[in-house]
Structure formats: C-alpha cells, structure tokens
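**Student:** I'd like to ask you about the structure that follows.
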Amino acid sequence: MQTRELTKNQHSTSATTAFLAGPALMAGYGVVRLIGRAAGDYGPGVWWSLAHVLFLAGVLAFVPVFLSLRTPAGVRGGRRAGVRLAAGAGLLGAAAVAVQAVIDLVVGFLAADEDAMSDLFEKVQDVPGVMPAVYTVVPMLFWVGLLALVTLLALFRRGRVPGWSPLLVLSGTVMMAMSLDLLAAGAVCVGLALYPMRRGWGADGTVELTHRVTASHAVTQSFIRLCG
C-alpha cells in the first residue's frame, strides 16, 4: 500500500511539473529577452541563445499538457472529438513554434552581428511556404488550440476546470501578441490558468494518462539538461 501511494504521489508530482514547466520556461524567455535588450546586447550571443533555448524548452514542455488533456474522462462523442481536435491543433502549432525556435538558435549561432542575422532570416523566410508554416499561420494554432482546449474543458468538465481559466489563457495570449515585452506576464497568466488542471483526468479522479505525461516530461527534462 505504501509503495502504491508513493508511486501515485511521484506520478502526481510529474504531472504537476509538466503543467507548470511550459509557462515557467516561457516566462524565463521573456525575462532573459528583456535583460538582453536592456543590456543592449540582444543579438547574436549569450542572451539571444539563452532566451531561445528557454523558448524551445517551454514549447516542448507543452506537449505533455496537450497529450494529457486530449482524452478527459466523462467526455464522449462529439464533445471528445472537439477536445481531441483542439489538442491536435495545439500540438501542430507547437511543432511549428519549435521549428521557429530552432531556426532562431541556428541563425543566432551562425550570424556575426545583427545585420548578418537579418540577412539570414530574410533568406530563410524567402523559401516558399516557410512564412505561413513557421511564422504566421501554423504557429497560431498553438495558442488557438490551447485556448479552445481549455475553453471546451471548462464547459464539459466544470467541476474540474474553473470558468476563469479560459479568460486567463485569452489574456495571456493577447498580451504576448501585443508585445514581446509582455511575454513574461502573459506566460504567468497561462500558468495560473493551467494550475488547477494539473491533477489529471482519470475516471477514478486520479491521473489517467500520467505514464504518458511522465514519459513526455522526461524527454523535455532530458533536452533541458542537454542544453544546460
């Protein structure tokens, strides 16, 4: 019994970490970006690289969030299809944003100065299909999918998801869209929205997909340690 309870607590901790890691890492990206800009050195170099490593890790940390919320217990039929569609859109958007972050890291590594960085970005973005796939259209699915997912769960699982969670996700998304200087504040809003949802969605009230969340989170943590 004690072993089972310990395992359950460990899984719960992993799930909680997965839900908080994404917003925390994105907030870190926003803070590091502001520090680099204040230092007048936010181009190729340490600040740029550190900020975008946090950005990439933050996006990857949302993968277990989408995976764990895509099959909530007690939601069937068309409602479950809608939840799965929202989660799928979020995952597709996350993939696009991750590619964008990798491009930013590579460009920052290759460029000698800001002018060279601009030239490299221009060459990348001139490739047909890159702008909508990586910068303008598909990445928006990350935020649209997250907002739709949280909104649907607030409607379908009112006892588990507070009604203010979608409002916080919307507020955070709007802030980040308005200005990159508001990234940290927007990420905090998203983190607060996800915090009540961190416990999982099993039919018995525990964690239905905790093993999947734990595995995905382990991949994310390995990536963070590798970059560090």
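What follows is calculated from the coordinates using simple rules that are stated; it is not laboratory data. Treat the numbers as computed from the prediction; the structure is a model and nothing was measured. Every residue, glycine as well, gets a Cβ built from its backbone with ideal geometry; the counts of neighbours run over all protein chains shown.
**Student:** Considering just Cα atoms, how many Å³ per residue does the convex hull of the stretch 44-175 enclose?
**Tutor:** In the stretch 44-175, the Cα hull volume divided by residue count equals 105 Å³.
**Student:** Which of the trypsin sites (Lys or Arg not before Pro) found in the stretch 58-157 are in a DSSP loop and have at most 13 neighbouring Cβ atoms, other than their own, within 10 Å?
**Tutor:** Passing both the DSSP loop test and the Cβ count: 76.
**Student:** Shifting gears a bit: Between residue 133 and residue 192, what length in nm is gained on full extension when 0.36 nm per residue of separation is reduced by their alpha carbon distance?
**Tutor:** Extra length available between residue 133 and residue 192 comes to 18.3 nm.
**Student:** On a full-extension model of 0.36 nm per residue, what is the gain between residue 106 and residue 37, subtracting their alpha-carbon distance, rounded to one decimal in nm?
**Tutor:** 22.9 nm
**Student:** Can you work out the Karplus-derived ³J(HN,Hα) for every residue in the stretch 176-187? Use 6.51 cos²θ - 1.76 cosθ + 1.60 with θ = phi - 60°, whole Hz, and x for glycine or proline.
**Tutor:** Along the stretch 176-187, the couplings run 5, 6, 5, 7, 5, 5, 9, 4, 5, 5, x, 5 Hz.
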